[in-house]
Amino acid sequence: MKKVLTGIKPTGEIHLGNYFAVIADILELQKKNTEIFLFIADLHTLADSTIDIKQTHKKTDELVKSFVALGINPKKTIIYRQSDFPQLTELMWVLFSITTFPHLQRSHAYKSAVASKKIPTLALSIYPVLMASDILLPDFDIIPVGRDQLQHIEYTREWARKFNKQFGKYFKEPNVFVKDDIEIMGTDGRKMSKSYKNTLPIFADKEIIQKKIAAIKTDSKGRGEKLNPDKCNIFYFYDLLTNDSSSLREKYLSGSVGYKEAKNELLNVFMNKFDDSRKKYNKIIKDANFTEKILSKNRKKINKLLDRRLHEIKILVGLRKK
Ligand code: TRP
């Protein structure tokens with residue numbers, strides 16, 4: 001059975017972009033014969049100086065609850081948290097021995113920190129090594145990622161090759177599955193991203209979602225004019241959220257709908273689509289033990305796997321007797 005890993009940093013509220021890029025995919029995979037691991041990359045938040053690290057535990061809690069509310073079944077998808085497993089950082093130390101600093105300095109994250117005149121912290125500089133540990137230690141086959149993460153996976157494959165050459169064949173090179181089609185547009189027309197403040201958060205209060213929808217940029221055509229659905233951000237979201245957008249399309253083309261009404265219709269389909277999930281989320285968000293119960297259930301199983309693999313690695317590199 002193929003093992004698939006999806007990693008996500010607990011930094012913000014789950015939004016429509018995450019839903020179509022990450023969650024919808026897992027919901028599909030859950031129906032197939034695949035072992036899915038969903039991994040909260042909380043240690044990676046320490047490499048990001050732009051976020052409030054003190055909130056990480058809270059964001060992690062909200063993230064796990066969002067996953068479950070959206071239909072991820074913790075019996076089928078193994079949800080775990082990076083900082084519960086020190087084996088991952090231990091392998092990172094081993095990988096350091098085959099890592100050079102100039103190699104890390106070529107990473108996008110490092111270069112963009114330098115370009116913005118920031119002095120990169122060590123955590124940021126070595127981020128790709130930790131990510132390689134995340135993938136190599138538990139032995140994953142497939143990593144679905146967005147294009148922005150491609151370099152990290154390429155690095156991971158390089159470390160796997162280098163390790164195998166130096167210490168003996170052990171790691172397999174993970175395959176990426178690049179999800180090009182899932183770049184969801186934000187309310188301003190750019191890629192939906194928390195850092196652009198152009199998201200549609202799934203579990204926010206209705207008033208907030210309404211405000212965000214109201215802020216969707218359109219051209220200046222007035223009521224009564226014919227509108228082009230294929231060049232309209234409102235219609236884009238509407239079409240994404242419903243199976244049948246043909247009647248709104250007709251109204252656009254015939255000029256019988258204005259942008260304001262289209263926004264109301266969009267709000268309706270949004271609230272409809274996520275109605276069950278929002279009810280579930282609002283219920284479980286108050287449960288203080290919910291997340292811990294899920295995480296602790298998987299801890300034993302994953303510890304066993306990671307301990308075994310780390311021991312085998314220690315033998316290979318010569319830290320332990322065969
Ligand atoms: N770097 C990823 C991101 O920012 C998160 C991540 C950390 C990850 N470790 C991973 C993703 C391992 C996939 C596999 O989105």
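Name the single residue, out of those in region 148-178 being assigned to a loop (DSSP other than H, G, I, E, B) and more than 11 Å from the ligand (Cβ to nearest atom), that is surrounded by the most Cβ atoms within 10 Å (Cβ to Cβ).
Filtering first and then ranking leaves F171.
Restricted to region 1-11, and to residues that are within 13 Å of the ligand (Cβ to nearest atom) and assigned to a strand (DSSP E or B), which residue is nearest to the chain's Cα centre (by Cα)?
I8
Which of the residues belonging to region 12-35 are surrounded by fewer than 21 Cβ atoms within 10 Å (Cβ to Cβ) and either part of a helix (DSSP H, G or I) or touching a residue at least 40 places away in the same chain (Cβ under 8 Å) (or both)?
G12, E13, F20, A24, D25, L27, E28, L29, Q30, E35
What do you reckon, is A41 in the same structural domain as D139 (by TED's automatic domain parsing), farther than 22 Å from N198 by Cα, more than 15 Å from the ligand (Cβ to nearest atom) and in contact (Cβ under 8 Å) with a residue 60 or more places away in the chain?
Taking the combined requirement at face value, the residue does not satisfy it.
State the number of residues belonging to region 48-65 that are under 16 Å from the mean Cα position of the chain (by Cα), part of a helix (DSSP H, G or I) and either within 16 Å of the ligand (Cβ to nearest atom) or over 11 Å from I14 (Cβ atoms) (or both).
Here the count works out to 6.
When region 240-290 is examined, which residues are found to be surrounded by 13 or more Cβ atoms within 10 Å (Cβ to Cβ), farther than 25 Å from K217 by Cα and not polar (S, T, N, Q)?
Passing the criteria: R278, K280, Y281, I284, I285, F290.
Considering region 119-147 alone, what residues qualify as being in a helix (DSSP H, G or I), farther than 17 Å from Q105 by Cβ and modelled with pLDDT of 95 or more?
Correct list: S133, D134, I135, L136.
Residue under question is D141, and the condition is that it be closer than 30 Å to V68 by Cα and either under 18 Å from the mean Cα position of the chain (by Cα) or crowded, with 20+ Cβ neighbours inside 10 Å (or both); does it hold?
The answer is yes for D141.
More than 10 Å from the ligand (Cβ to nearest atom) and of a type in the set (V, I, T): does that describe I135?
Judged against the criteria, I135 is not a match.
If only one of A115, A160, A123, A132 is free of Cβ contacts under 8 Å to residues at least 24 places away in the same chain and small (G, A, S), which one is it?
Residue meeting the stated conditions: A115.
The values are calculated or read from the model by the stated rules, or taken from the named source; none is laboratory data. Just so it is clear, the model here is predicted, and its values are computed rather than measured. Glycine also receives a Cβ, built like all others from the backbone with ideal geometry; neighbour counts cover every protein chain displayed.
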